[in-house]
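Beneath this line is the structure, given in structure tokens, with notes to follow.
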Amino acid sequence: MALSSIPEVPDVSVVACISVDIPNSLKDHLVLPISSHGKVISRAPVQITEIEERPGGVLVRWGEIEEEHDQEVSEFKLQFCSGSTRSNDDKKFTWTTVCEGQYTGFVVRHLQVRKPYSFRLCCRGEEEKKWSRCSVPVVAMTSIPHYQWSDANDSYMTNSEGTTATKVTAESHQVLYSKGAAYSCGHSIVFKVVETGSIHEDDGIGLCISNEIQNTLKIPGSLFLSSTGAVYVNGEKMKTRLPAISANSVIMFETEQIEHKKIRATIESGEKSVTFDWKLERELIENQFTDRSVGFGMSVQNSKTTNLYFAMCVLCENWKVSIE
């Protein structure tokens, strides 16, 4: 958080305050019935602690405030609405639940770029049926466009948003790349296989350090998951396999740059995942961002991100893959 973005502390005289003067003789008579019906807390038992930009979305993280909740929290519920509001009671806004469970962070996707959204959070314990009071809404936005497939390959057709690509010819294997080196190391990227055609060993999806014209992704500078479940790192086949790709498969790639020319990559498909160290011979693409605001006084300052291309390569028609 930038120093200049710390909110101003209001004067005590302008802060709303409730003051009750009760005779001591009534104290014992009031404590029991009040405590049996509820309690007064200073704030919601859970609070949003951090919001980070993601392509076409934001990553929201939260934490529990122990002193404000009697039971151990077993579930969290994250909600958001379009627009900017600081009130949970404003009827003009419709809240949508996007995450419910034991998570302490969630990526809210499919948001419009540079449009403000409001986020709030509540929780409940194992034996509680009602959700807690909601946290004060936090307003944030993303300035990073959604992941998009390139529209420069005639063998593929993309939808209007560029998020789904379909193979439309069956002449040969063709690699379709992303629209620019859009994937940043340290983030996750999710491929959803909507439909498949006939399956070949060279069909699959992956990450690359360049977008040179190719007819295979089994090459140096590429991390490739074949449709058969085989994993190739720099063109070399690994011993560990993942489930074969089929219609409705969801595959996630997650990376971490551990050295200048080495990336630790995890691929998750179905209920199985594998992790490899991916050594590179070429310089990685590095982008510089400075003081990029995401809202609510939160910003990313002087951060460097190593960017890669995402890609798919299939032979037959009717393969359809979307990206998140």
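The values are calculated or read from the model by the stated rules, or taken from the named source; none is laboratory data. What you see is a predicted model; the values in this text were computed from it and never measured. Note: ideal-geometry Cβ built from the backbone for every residue, glycine included; neighbour counts use all protein chains shown. What goes into the accessible areas is simple: the full protein's heavy atoms, side chains included, and nothing from ligands, DNA or RNA. Shrake-Rupley method; radii C 1.70, N 1.55, O 1.52, S 1.80 Å.
Below, the figures for the structure above:
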| item | result |
| --- | --- |
| Counted residues, the range 188-220 - those being open to solvent by 70 Å² or more (accessible area, probe 1.4 Å) and of a type in the set (Lys, Arg) | 1 |
| Every residue from the range 120-133 that is out of contact with any Ser or Thr (no Cβ under 9 Å at 6 or more places or on another chain) and closer than 13 Å to ILE65 by Cα | SER132, ARG133 |
| Output for the range 158-187, where each listed residue is among the charged types (D, E, K, R) and surrounded by 21 or more Cβ atoms within 10 Å (Cβ to Cβ) | LYS167 |
| Residue within the range 143-157 that is farther than 19 Å from ILE251 by Cβ, assigned to a strand (DSSP E or B), open to solvent by 40 Å² or more (accessible area, probe 1.4 Å) and modelled with pLDDT of 90 or more present | yes |
| Selection status of CYS134, touching a Phe, Trp or Tyr at 6+ places or on another chain (Cβ under 9 Å), touching a residue at least 60 places away in the same chain (Cβ under 8 Å), assigned to a loop (DSSP other than H, G, I, E, B) and among the hydrophobic types (A, V, I, L, M, F, W, C) | yes |
| Pairs with Cβ under 6 Å, 6+ apart, first in the range 44-70 and more than 17 Å from GLN112 (Cβ to Cβ) and open to solvent by 20 Å² or more (accessible area, probe 1.4 Å), second modelled with pLDDT under 90 and among the small types (Gly, Ala, Ser) | THR49/GLY63 |
| Restricting the range 221-271 to residues that are farther than 16 Å from VAL193 by Cβ and in contact with a Pro (Cβ under 6 Å, 6 or more places away or on another chain), the residue that is most open to solvent (accessible area, probe 1.4 Å) | ASN234 |
| Answer residue from the range 78-108, given it is closer than 14 Å to LEU59 by Cβ and open to solvent by 60 Å² or more (accessible area, probe 1.4 Å) and is nearest to the chain's Cα centre (by Cα) among those | PHE106 |
